[in-house]
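Take a look at the structure set out below.
The values are calculated or read from the model by the stated rules, or taken from the named source; none is laboratory data. On a predicted model such as this, the values are computed, not experimentally measured, just so you know. No Cβ is skipped: glycine too gets one built from the backbone with ideal geometry, and neighbour counts run over all protein chains shown. With ligands, DNA and RNA removed, areas are computed over all heavy atoms of the protein, side chains included. Shrake-Rupley method; radii C 1.70, N 1.55, O 1.52, S 1.80 Å.
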Amino acid sequence: MDFSFTEEQLMLQDVARRIAQEKIAPSAEHHDRTGEFPLANIQLLGENGLMGIEVPAEYGGAGMDPIAYVLAMVEVAAGDAAHSTIMSVNNSLFCNGILTHGSEAQKQKYVRAIAEGTAIGAFALTEPQSGSDATAMRCRAVKQADGTYVINGKKSWITSGPVAKYIVLFAMSEPDKGARGITAFMIDTDNAGFGRGKTEPKLGIRASATCEIEFNDYVAQAEDVLGQEGEGFKIAMGVLDAGRIGIASQAIGIARAAYEATLEYVKDRKAFGAAIGTFQMTQAKIADMKCKLDAALLLTLRAAWVKGQGKRFSNEAAIAKLTASEAAMWITHQAVQIHGGMGYSKEMPLERYFRDAKITEIYEGTSEIQRLVIARNETGLR
Ligand code: CAA
């Protein structure tokens, strides 16, 4: 077993770290306060290959492996979580699914635009009444005699929905077939029949724009189907496996930023005549924070490694996401506590890390869904 990274992986990590520290972190407070979408920074990440890390160069990407993706995501998330949400959806949920299931024309058209940072992608699975139970979707795609599909319905909680040019949409094409009746479509948001609904005001990751989208007699051509008709649910689940590695990495980045700020603080802050880092109750928290952070990172790298081997990695990704998101929530909670009043104040980023961490336990499969996936894999029972 080799724990070292390749030169290419370290180079990409370095590029991500520099952009995160020089451009993203300094504007994170502004983006959190205003909710303004960080378009210039997202384009900069795209120009540096960070929107299509695993996308081969022939489709405009960086041509790197899943380990490099983890390293870069951690750096960007440590700079600002909202930026890393947009990056994760572009990389894992958008490019990844088209690379795995798309036609050559779809790869050239959709993957290239997102990987090069000239457009933003989104992934539309969730609906107002169906989140964890994804097969309960109501959005319908009705096949016409000429081979086109007419799509009607609503999707909610669409990350980057307000700004996305292209969307991977999941709609029920044969309702009586359940999970096997779902089809994936490539959507161009400039086409007739596509509309945007209300934008979600959120607790954290406030600069990653999130909204409802609507389809009113939107016509999808036969060549807009991603993969095969009826394969949509499996495509969504496979894509979410990759997405969960991205969210685990995001959680690690948020947690690391909170941990590093705390390490500085406990050396500087004095109470009862000594640095608070000399108190055993603080030391226990520091040790536990570090253990959880390292465990989360190692499990996430393991999931990325299995993915890179071309093997099924659903269980490893669920274990990584569950561990990392719960670690991020716990670590940011402790970081706020150690900082006391300063942790609660908007003068420092600790309260933002705490708010941003929460979403990692919810999206791309809640912690409860990760436990369900892990237990099903471990027991073989359903
Ligand atoms: N890879 C490939 N295929 C898979 C799979 C995977 N990871 N998981 C399941 N499948 C296949 C199964 O093998 C099965 O195939 P067959 O019909 O051939 O047997 C089929 O899919 C149905 O599987 P299940 O019976 O296991 O499905 P289920 O209804 O019990 O659901 C679930 C399983 C794990 C609960 C799933 O619904 C799930 O993961 N739910 C959570 C959804 C989710 O993560 N939503 C996030 C929204 S997107 C988001 O947050 C994005 C954002 O904007 C940031």
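If only residues of the range 226-256 that are away from the ligand (no atom under 12 Å from the Cβ) and open to solvent by 10 Å² or more (accessible area, probe 1.4 Å) are counted, the one that is nearest to GLU174 (Cα to Cα) is GLU229. Put simply, of GLY153, GLY181, GLY197 the only residue that is at positive phi and either surrounded by fewer than 23 Cβ atoms within 10 Å (Cβ to Cβ) or not hydrophobic (A, V, I, L, M, F, W, C) (or both) is GLY153. The set of residues in the range 133-150 being open to solvent by less than 60 Å² (accessible area, probe 1.4 Å) and β-branched (Val, Ile, Thr) consists of THR135, THR148, VAL150.
SER130 meets all of the listed conditions (1) touching a residue at least 24 places away in the same chain (Cβ under 8 Å); (2) open to solvent by less than 10 Å² (accessible area, probe 1.4 Å) but one, namely (1). Filtered by the rule that a residue be among the acidic types (Asp, Glu), open to solvent by 30 Å² or more (accessible area, probe 1.4 Å) and within 13 Å of the ligand (Cβ to nearest atom), the range 363-379 gives a lone residue, GLU368.
Return a yes/no flag: does the range 283-290 have any residue that is closer than 23 Å to LEU203 by Cα, assigned to a helix (DSSP H, G or I), open to solvent by 20 Å² or more (accessible area, probe 1.4 Å) and not assigned by TED's automatic domain parsing to the domain that holds SER92.
Filtering the range 283-290 for residues closer than 23 Å to LEU203 by Cα gives none.
No, the conditions are met nowhere in the range 283-290.
Checked against (1) farther than 21 Å from ALA28 by Cα; (2) touching a residue at least 12 places away in the same chain (Cβ under 8 Å); (3) assigned to a helix (DSSP H, G or I), THR332 meets all criteria but (1). SER4 satisfies every condition listed in (1) closer than 29 Å to GLN309 by Cβ; (2) among the small types (Gly, Ala, Ser); (3) open to solvent by 30 Å² or more (accessible area, probe 1.4 Å); (4) not in a loop (DSSP other than H, G, I, E, B) except (4).
When the range 324-362 is limited to residues that are surrounded by fewer than 20 Cβ atoms within 10 Å (Cβ to Cβ) and aromatic (Phe, Trp, Tyr), the one that is farthest from the ligand (Cβ to nearest atom) turns out to be TYR344.
For the range 124-163, name all the residues that are part of a strand (DSSP E or B) and of a type in the set (A, V, I, L, M). Quick ask: steps written out before the conclusion?
First, the residues of the range 124-163 that are part of a strand (DSSP E or B): 124, 127, 130, 140-143, 149-159.
The answer is ALA124, ALA141, VAL142, VAL150, ILE151, ILE158.
The listed residues are ASP241, ASP268, and the only one of them that is more than 28 Å from the chain's Cα centre (by Cα) and either closer than 28 Å to MET342 by Cα or touching a residue at least 60 places away in the same chain (Cβ under 8 Å) (or both) turns out to be ASP268. Within the set ILE67, ILE24, ILE42, the sole residue that is touching an Asp or Glu at 6+ places or on another chain (Cβ under 8 Å) and not in a loop (DSSP other than H, G, I, E, B) turns out to be ILE24.
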